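Novice: Mind looking over this structure? Questions follow.
The values are calculated or read from the model by the stated rules, or taken from the named source; none is laboratory data. Since the model is a prediction, treat every value here as computed from it, not as a measurement. Note that we place each Cβ from the backbone using ideal geometry, even for glycine, and neighbour counts take in every protein chain shown.
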Amino acid sequence: MPKEALIVVDMQRDFMPGGALPVPEGDTIIPKCNEYIKKFKEKGALIVATRDWHPPNHISFKERGGPWPPHCVQNTPGAEFVVDLPEDAIIISKATEPDKEAYSGFEGTNLAEILRENGVEKVYICGVATEYCVKATALDAVRHGFETYLLSDAVKGINPEDEKKALEEMKRAGVKIL
């Protein structure tokens, strides 16, 4: 049974340049994420991909008073993954309810249970955006008792200043930055 998991956070078309809610240069980490997916898969680790999977009337959208433009709406091209996931990757859909926000891959999902059932003790995290969903997922991984590592060469943030603060916050919480 795998003791490690790679969690690929929100590597979706809408978060890439040209998407509805782009992370600047988010596409530059696609090759690195793909490299990690391949490496972790080869060593028998569990591959997990989180995704925003919003209903069209999600509370985070500006139309409903939220901060964001509509993005990653269920079954739209913007919600598609931009990385090469193996067929047996575990897909975790978050923020699927109209009235509930969720930045973390653990929030409102069964991710912690899936990891435990598979004997996972260590998680490695890559993806976007560092100061939002990556940070929330990493902090929750620590809270759930997983040894948590951030693959710093395979994450991208929106704002360098906020990204720096997020990295410091994760470090203080016990996330190991690689």
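Novice: Among the residues of segment 127-145, write down those that are buried (at least 24 other Cβ atoms within 10 Å of the Cβ) and over 18 Å from residue 19 (Cβ atoms).
Specialist: Those that are buried (at least 24 other Cβ atoms within 10 Å of the Cβ) and over 18 Å from residue 19 (Cβ atoms): 135, 137, 138, 141.
Novice: Sort out which residues of segment 42-74 are outside any loop (DSSP other than H, G, I, E, B), buried (at least 17 other Cβ atoms within 10 Å of the Cβ) and of a type outside the set (Phe, Trp, Tyr), and write them in order of number.
Specialist: Result: 46, 47, 48, 49, 50, 51, 52, 54, 73.
Novice: Please specify each residue of segment 107-162 satisfying the condition of being aromatic (Phe, Trp, Tyr) and within 15 Å of the chain's Cα centre (by Cα).
Specialist: 124, 132, 149
Novice: Condition first: acidic (Asp, Glu) and closer than 13 Å to residue 10 by Cα. Now tell me which residues in segment 108-144 satisfy that.
Specialist: Once the filter is applied, which keeps residues that are acidic (Asp, Glu) and closer than 13 Å to residue 10 by Cα, segment 108-144 yields only 131.
Novice: Return the pairs, sorted by first residue and then second, in which the second residue is modelled with pLDDT of 95 or more and assigned to a helix (DSSP H, G or I), the first residue lies in segment 1-25 and is among the acidic types (Asp, Glu), the beta carbons are less than 9 Å apart, and the residues are 6+ apart or on different chains.
Specialist: From residues that are among the acidic types (Asp, Glu), the pairs are 4/40; 10/132; 10/133; 10/134; 10/137; 14/77; 14/78; 14/79.
Novice: A follow-up question, please. Go through segment 49-67 and count every residue that is out of contact with any strand residue (DSSP E or B) (no Cβ under 6 Å at 6 or more places or on another chain) and either of a type in the set (A, V, I, L, M) or touching a residue at least 40 places away in the same chain (Cβ under 8 Å) (or both).
Specialist: Here the count works out to 5.
Novice: If only one of 27, 14, 10 is of a type in the set (D, E, K, R), surrounded by 14 or more Cβ atoms within 10 Å (Cβ to Cβ) and on the phi > 0 side of the Ramachandran plot, which one is it?
Specialist: That would be 10, the only listed residue that is of a type in the set (D, E, K, R), surrounded by 14 or more Cβ atoms within 10 Å (Cβ to Cβ) and on the phi > 0 side of the Ramachandran plot.
Novice: Within segment 75-111, which residues are more than 20 Å from residue 46 (Cα to Cα), of a type in the set (Ser, Thr, Tyr) and surrounded by fewer than 19 Cβ atoms within 10 Å (Cβ to Cβ)?
Specialist: 76, 96
Novice: So if I check each of 61, 81, 15, which one is among the aromatic types (Phe, Trp, Tyr) and in contact with a Leu (Cβ under 8 Å, 6 or more places away or on another chain)?
Specialist: The conditions single out 15.
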